[in-house]
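Below: the structure, in C-alpha cells.
The values are calculated or read from the model by the stated rules, or taken from the named source; none is laboratory data. Keep in mind the model is a prediction, meaning the values are calculated, not measured. Cβ placement follows ideal geometry from the backbone for every residue including glycine, while neighbour counts extend to all protein chains displayed. Accessible surface is based on the protein model in full, side chains and every heavy atom, while ligands, DNA and RNA are left aside. Shrake-Rupley method; radii C 1.70, N 1.55, O 1.52, S 1.80 Å.
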Amino acid sequence: MKLIKRMIRKILFLGCLLMVLSSGVEAQTQRQVDSLLNICRPLAQTDVRAAEAKLQAFKQKYFGFPAELYIAQLYDQADRKGTEYRGEVAHAYDQMSMSLMSRGDMELYILSLFYSGRNDDCVRKAREALGYYPQSMPLNRYFFRSLVSQGRYRESLSAFEQLKRSEPAVIEHSDTIHYAVALTGWVRYLYQQGKFEEAAQWIDPYAEQRRREGHMTDDIAMQQANIYIEWAKVSDGDAKEQKLLKADEILAHRIPETTMNDDLFAYMRVAMIQFQLDPEAQKGTAAPAILQMEDVFMKKPSLDERHVERLLTGYRYLMSYYFIEKEDYALAARYADKILAYEPANEGAVQVRDLYKKMNAKN
C-alpha cells in the first residue's frame with residue numbers, strides 16, 4: 001500500500017512538473033510570436049510578401065501556429081488602395097476553417113471574397129458565416145451584393161430585407177443601386193414569363209417611392225412601362241387601352257426628367273403606345289406624343305437617319321389625321337411641308353401640298 005502511495009505521489013509530481021514546463025514553453029512561444037509580429041507588422045507596410053514569408057517559416061517550426069490568420073490581417077493592413085490585396089486576404093482565409101475565425105475575421109474574409117470577384121465563393125461562405133452571426137451588417141451586405149452580381153435576383157431581394165434588419169442597419173448608396181438592379185432584373189423575368197400582374201405589384205410601389213424621393217431612373221421607368229406595354233398585347237378592349245395609357249403616363253412623366261433616353265422614350269410613346277391606340281389616325285390622340293417627340297428631337301445637336309424616320313412617321317400620322325378626319329387642309333399642308341423637307345419626292349405629301357395651294361388660289 002505504501003509503495004502504491006509513493007508511486008501516485010511521483011506521478012502527480014511529474015504531472016505538475018510537466019504542466020509547469022509546458023506552461024513555460026507556451027509562454028516562451030507566445031513571446032516569440034509577439035516578437036515576430038512586432039517585426040512583421042511594420043515590415044508589411046513596405047514589403048508585405050517578405051512579412052508573409054517570415055510567418056510561413058515560423059509555422060514550419062511550430063505546428064498549429066495560425067500563420068494564415070496573421071497573413072490575412074497583414075495584407076488587409078497593407079491594402080492602401082482598398083482592393084489591392086483582396087485576393088491575397090481571401091486566399092489566406094481560404095486555408096482556415098470558418099469555426100476558428102472571429103466575427104471580424106469572417107467579415108473581412110467575406111468582404112475580400114466580394115472585392116476579389118469571387119462571387120460564388122462569397123455567397124457560399126457568407127451563408128455559412130451568417131449561421132454564426134446572422135445580424136452582421138457586413139456579412140449581410142456582401143451576401144446580398146454577391147447574389148445580385150450572380151443574377152440571382154429573387155434571392156437577393158430577400159437578402160436585402162435581411163440587410164435592413166442587420167445591426168447597425170446602415171444602407172449605403174451602393175446598396176440601393178444593387179437593389180434597383182435586383183428589382184428590375186426580377187421584374188423583367190416575371191413579365192417575360194407572362195406574370196404581368198405580379199411584376200406590376202413589385203415595381204409600381206417602388207417606382208412611386210423613387211419618384212417621390214426624386215431618385216427615379218431611366219431603367220426603372222423603362223421596366224415599368226414595358227410591363228404595361230407587354231401586358232396590353234395579351235389584353236383586349238378597355239383593359240388593353242388602360243394598360244397602354246398607364247405605360248404612356250409613365251413615359252410622359254420621365255421624358256422631361258432625363259436627357260439620356262428622352263428620345264427613345266418619346267418614340268416609344270408614339271410608336272408602341274399611341275399608334276396602338278389609334279392605328280388608323282382617326283382619333284388624333286397621338287398628336288401630343290408626336291409633338292413631344294418633335295420637341296425632344298429638335299433639342300438634339302443633330303439628327304441621324306433614325307431620328308428623321310421617326311419624325312416622318314409622326315408627321316404622316318398628323319398629315320393624314322388633319323386632312324381626312326378634321327378636313328383642316330392648312331394644318332395638313334403644314335405637316336406635308338415638314339415631310340417634304342426631308343423627303344422632297346414623297347407622293348402623299350406632294351398631293352396634300354398641291355391641293356392646298358389650289359384651294360388657296362381659288363380663294
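Of the numbered criteria (1) surrounded by fewer than 18 Cβ atoms within 10 Å (Cβ to Cβ); (2) without any contact (Cβ under 8 Å) to a residue 40 or more places away in the chain, the one residue 324 fails is (2). Tallying residues that are under 15 Å from residue 250 (Cα atoms), open to solvent by 60 Å² or more (accessible area, probe 1.4 Å) and assigned to a helix (DSSP H, G or I) within segment 202-225 yields 6. Per the conditions (1) outside any helix (DSSP H, G or I); (2) surrounded by 17 or more Cβ atoms within 10 Å (Cβ to Cβ), the sole criterion not satisfied by residue 243 is (1). Would you mind stating whether residue 171 is of a type in the set (A, V, I, L, M, F, W, C) and surrounded by fewer than 17 Cβ atoms within 10 Å (Cβ to Cβ)? Yes: the conditions hold for residue 171. Inside segment 91-107, residues that are over 14 Å from residue 124 (Cβ atoms), out of contact with any Asp or Glu (no Cβ under 6 Å at 6 or more places or on another chain) and of a type in the set (A, V, I, L, M, F, W, C) make up a count of 2. When the residues of segment 226-240 are filtered to those that are open to solvent by less than 50 Å² (accessible area, probe 1.4 Å) and assigned to a helix (DSSP H, G or I), the one that is nearest to residue 195 (Cα to Cα) is 227. Residue 346 meets the conditions (1) in contact with a Phe, Trp or Tyr (Cβ under 9 Å, 6 or more places away or on another chain); (2) within 26 Å of residue 264 (Cα to Cα); (3) buried (at least 16 other Cβ atoms within 10 Å of the Cβ) in every case but one. The failed one is (1).
Counting the residues of segment 246-282 that are surrounded by 17 or more Cβ atoms within 10 Å (Cβ to Cβ), of a type in the set (D, E, K, R) and touching a residue at least 24 places away in the same chain (Cβ under 8 Å) gives 5.
Of the set (1) within 21 Å of residue 221 (Cβ to Cβ); (2) open to solvent by less than 40 Å² (accessible area, probe 1.4 Å); (3) within 11 Å of the chain's Cα centre (by Cα), all apply to residue 187 but (3). Residues that are open to solvent by less than 80 Å² (accessible area, probe 1.4 Å) and among the small types (Gly, Ala, Ser) were ranked within segment 287-307; the one that is nearest to residue 261 (Cα to Cα) is 289.
Considering segment 72-130, and only residues there that are within 20 Å of residue 143 (Cβ to Cβ) and polar (S, T, N, Q), the residue that is modelled with the lowest pLDDT turns out to be 83. Using the structure shown, decide if residue 158 is at pLDDT 95 or above, of a type outside the set (A, V, I, L, M) and more than 30 Å from residue 243 (Cβ to Cβ). No, not satisfied. Among residues of segment 127-165 being closer than 18 Å to residue 105 by Cα and polar (S, T, N, Q), the one that is most open to solvent (accessible area, probe 1.4 Å) is 135.
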